[in-house]
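Contents: one structure, followed by commentary.
The values are calculated or read from the model by the stated rules, or taken from the named source; none is laboratory data. On a predicted model such as this, the values are computed, not experimentally measured, just so you know. We place every Cβ from the backbone using ideal geometry, glycine too, and count neighbours over all the protein chains shown. Side chains included, ligands, DNA and RNA excluded: accessible areas come from the protein's heavy atoms. Shrake-Rupley method; radii C 1.70, N 1.55, O 1.52, S 1.80 Å.
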Amino acid sequence: MQILRNDLNLDDFFRCLGAASGRVLLLDYDGTLAPFRANPADAVPYPGVVALLDRIMEAGHTRLVMVSGRWTRDLIPLLALRQTPEIWGSHGWERLQPDGEYNVARINQAALDALVTADDWIDQIELLGGRCERKPGGVAFHWRGLDNNKIAEIRELTFRNWRDHNLGQNLSWHDFDGGIELRASGRDKGDVVRMIIGESGDRAVLGYFGDDLTDENAFQAMPNGGISVLVRPQFRPTAADVWLRPPEELLEFLVRWHETALTALPTT
């Protein structure tokens with residue numbers, strides 16, 4: 001583990017966590033709780049993660065929130081938790097509450113039309129070996145596991161179509177670890193953090209764990225007193241406060257969070 005912020009003292013942070021009136025743990029999935037796989041459907045959590053998250057949820061001391069680029073319906077089976085947590089999927093376009101209430105934010109018609117145009121490229125990209133993922137508000141083209149020539153072909157094809165159809169008027173282009181996502185503008189993970197802050201109040205302590213460039217907006221949106229954690233085997237420049245290598249350091253940090261919050265619960 002490496003602390004990236006000079007003024008951060010982890011012992012002080014955990015003391016504040018124990019004394020907090022509320023706690024919120026926001027977790028990305030791919031690359032954070034689960035290693036990347038060539039087929040995203042094979043990306044199951046690191047050993048020990050599910051059992052630990054089950055304990056955190058059952059203890060009731062922390063609001064657990066998944067913040068993922070995945071479509072919510074694709075994420076739930078991979079998590080395999082005993083209780084369904086709060087999930088913000090598709091980079092914040094959808095929200096699933098623990099009680100089952102589900103909402104998708106309104107996407108403007110021009111963005112939806114642009115996504116229909118992008119759907120027309122899917123057959124070409126799959127012929128090159130790419131994998132295409134449709135989701136509310138976006139489409140992602142994955143190339144993990146392909147050789148550099150195939151990756152270059154997919155990127156060039158996507159960029160040419162993006163330019164020729166002028167999709168930048170209604171969609172935003174996002175590079176991620178293993179592909180490209182074209183997404184309706186207006187929502188990102190930073191927006192999710194800001195909404196959670198508004199719901200949680202000033203006295204809650206928040207932690208956000210993520211790995212990818214799409215998590216940087218969330219790191220930057222974190223409030224004073226919270227902690228942002230980069231989770232990945234190799235370091236990269238980031239706005240996060242701490243860098244952890246998964247899975248051992250990730251599990252150690254989450255165990256400390258759980259134990260700190262558990263001892264702060266009132267006894268009966």
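Points worth noting:
- At most 15 other Cβ within 10 Å, DSSP loop - chymotrypsin sites (Phe, Trp or Tyr not before Pro), segment 66-135: none
- Residue (of 75, 16, 38) at the positive-pole extreme of the chain, dipole from beta-carbon charges: 16
- Residue separation of residue 83 and residue 39 scaled by 0.36 nm, minus their Cα-Cα distance, works out to 13.3 nm of gained length.
- For residue 132, distant residues with modelled amide H under 5 Å away: 142
- Magnitude of the charge dipole, segment 150-268, Cβ model with Lys/Arg +1 and Asp/Glu -1, debye to 20: 220 debye
- Residues of segment 1-78: accessible area per residue with a 1.4 Å probe, Å²: 43 Å²
- Fully extending the segment from residue 103 to residue 11, taken as 0.36 nm per residue of separation minus the present Cα-Cα distance, adds 29.3 nm.
- Nonpolar atom fraction for the chain, defined as the carbon and sulfur part of the 1.4 Å probe accessible area, stands at 48 percent.
- Amide N of segment 86-127 lying under 18 Å from the label point, which is placed 7 angstrom from the Cα of residue 59 along Cα→Cβ: 86
- Each peptide in 4-16, 31-43 gets a packing score, the mean of other Cβ atoms within 10 Å over its residues, and the list from highest to lowest is 31-43, 4-16.
- Length gained on full extension, residue 160 to residue 172, computed as 0.36 nm times the residue gap minus the Cα-Cα distance: 2.8 nm.
- Once both labels are positioned 7 Å from their Cα atoms along Cα-to-Cβ, the gap between residue 236 and residue 150 label points is 2.1 nm.
- The residues of segment 100-246 expose, per residue, 47 Å² of accessible area to a 1.4 Å probe.
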